[in-house]
1. Which of the residues belonging to segment 445-467 are surrounded by 13 or more Cβ atoms within 10 Å (Cβ to Cβ) and either in contact with a helix residue (DSSP H, G or I) (Cβ under 7 Å, 6 or more places away or on another chain) or part of a loop (DSSP other than H, G, I, E, B) (or both)?
2. Checking the structure you have, find out if any residue of segment 311-330 is outside the structural domain of residue 362 (by TED's automatic domain parsing), in a strand (DSSP E or B), touching a helix residue (DSSP H, G or I) at 6+ places or on another chain (Cβ under 6 Å) and free of Cβ contacts under 8 Å to residues at least 40 places away in the same chain.
3. Taking segment 56-72, which residues are part of a strand (DSSP E or B), in contact with a helix residue (DSSP H, G or I) (Cβ under 9 Å, 6 or more places away or on another chain) and more than 18 Å from residue 135 (Cβ to Cβ)?
4. Select, from 200, 260, 244, the only residue that is farther than 24 Å from residue 146 by Cα, at pLDDT below 95 and more than 17 Å from the chain's Cα centre (by Cα).
5. Could you please find all residues in segment 354-393 being assigned to a loop (DSSP other than H, G, I, E, B), surrounded by fewer than 19 Cβ atoms within 10 Å (Cβ to Cβ) and touching a residue at least 60 places away in the same chain (Cβ under 8 Å)?
6. List the number of the failed condition for residue 487; all other conditions in (1) touching a strand residue (DSSP E or B) at 6+ places or on another chain (Cβ under 9 Å); (2) in a loop (DSSP other than H, G, I, E, B); (3) within 30 Å of residue 600 (Cα to Cα) hold.
7. Specify which of the listed residues (89, 104) is farther than 26 Å from residue 292 by Cβ, in contact with a strand residue (DSSP E or B) (Cβ under 7 Å, 6 or more places away or on another chain) and in contact (Cβ under 8 Å) with a residue 24 or more places away in the chain.
8. Among the residues of segment 146-165, write down those that are in a strand (DSSP E or B) and either modelled with pLDDT under 95 or under 26 Å from the mean Cα position of the chain (by Cα) (or both).
């Protein structure tokens, strides 16, 4: 009898099916001679379909035209105890033959009702795995939840994500990749695919996987090990080379493995999984993400033997993205599981280095007829987490908007050059994001080009840029900034990394000056973030300057470094040289239950004008 016929788990029954040891290889401990040394060896004996899922239906309910199920299912028997995980499943009512998705939550998060609801309304069966074990949303007292038994791959055991060594919470008594948390979590997510595959409502030939942060990591692990997956969409996670030194920032600390580094790299590192991914994959991130290093994402993608690869990098952001970028994920999934939408291909790009000329960047997008706009971002900062991305000036070379040329002025050829393009496309109809926000366009990023200093000098390009005391006149809004909670009347924040670019960096003896106008009297907070992601340069520290503003008039505010103090008032900013971020916000918590600034901002958000340096 096939496994599909002998276990047609209806999820409407609470019967407990007798559970046998799931994967013989996974359940029994290995000797040193049996330890897998490659990705293929690690996964060759793992079949997530083999044994019964023993699905328990905890509860189910209807919400309009979708049904939601709260279940637990067996992952396997490890060290003599059964491991089970909880999950939410949402599906459109009364429909069959549907595509299906496994959603994988991020670190510190939990299975998401919002995620499964969103995709159920888009016509999917969606399962969200509660691998981290936090209490499920809407859980009632005593309801079953994730129980890993004798092992612990959750964030209660952080060391396990970099571990190969034996221990009480790990599988093998010898150094082994099966002692790594990602191994067990990947099995749990692949078992989630089996849950979906065996549902009557699901078309088992149309399965996808996506996740955010640590869920993005797991998305890549699943995509590289399970041939049932037809599309993958990781966000802010899942790129390789995490333990390799950053070649251009060797002083930046990277992760280290507990155990043999070569064994870890060959069995657990993401670059070892990339050659095994033979499906369409789309990476979604911010340009300055702490977890998904932009440069290493492109290196990892270059190892994937598949043509259908896309990137969407939202400028200036860390671990989040704007709507034009966020919408690319559901559109990408629709494209490959429904065939209802086709994202444009990545644009063709070329970095042009010519003797005695300013460097330039040629962008030739696909689908020119639906282009909304093109932006070219470039930087001279080798640190991918902290770099400021300048917005280049662009001219259109052809009336049909098929070629765009950006100039990239440099202060010096002693610096490296990094550049990529974002192409924004108009949607035929507005699409909705998870919280109902309507989106009219989507953005696809090009690959990133890097020209090192020696290459720039060898090409003989001009370094004809000049240092500027005018940092921003806001004529283009917050083009070089990122905004948080922009629509919130009290919690809005505006941030820029522009002050760490040598073109706009402050010098000793200069004051930071800005003109501000507010509708009503308020206390405004200016913030400086030092050594953000640059621990090699000194400790990270936030300092603040609070200024009283009167209503209705333009006021000029000039600030010296010592005007910026820590929230306790005990330390001051010493100089501008290590400032990585400058922010404007309404208030900040003082760490003692109070706040500094205007916790209840009055009137409209402030108008800003002429951010500059003055002596």
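1. Within segment 445-467, 446, 447, 448, 452, 461, 462, 463, 465 qualify.
2. no
3. 63, 66, 67
4. 244 is the lone residue from the list that is farther than 24 Å from residue 146 by Cα, at pLDDT below 95 and more than 17 Å from the chain's Cα centre (by Cα).
5. 354, 355, 356, 357, 358
6. Condition (1) is where residue 487 drops out.
7. Every option except 89 fails the conditions.
8. Pass one, segment 146-165, residues in a strand (DSSP E or B): 147, 163.
163 - this is the single residue of segment 146-165 that is in a strand (DSSP E or B) and either modelled with pLDDT under 95 or under 26 Å from the mean Cα position of the chain (by Cα) (or both).
The values are calculated or read from the model by the stated rules, or taken from the named source; none is laboratory data. Worth saying up front: this structure is predicted, and the values here are computed from it rather than measured. All Cβ positions, even for glycine, are placed from backbone atoms using ideal geometry, and neighbour counts span all protein chains on display.
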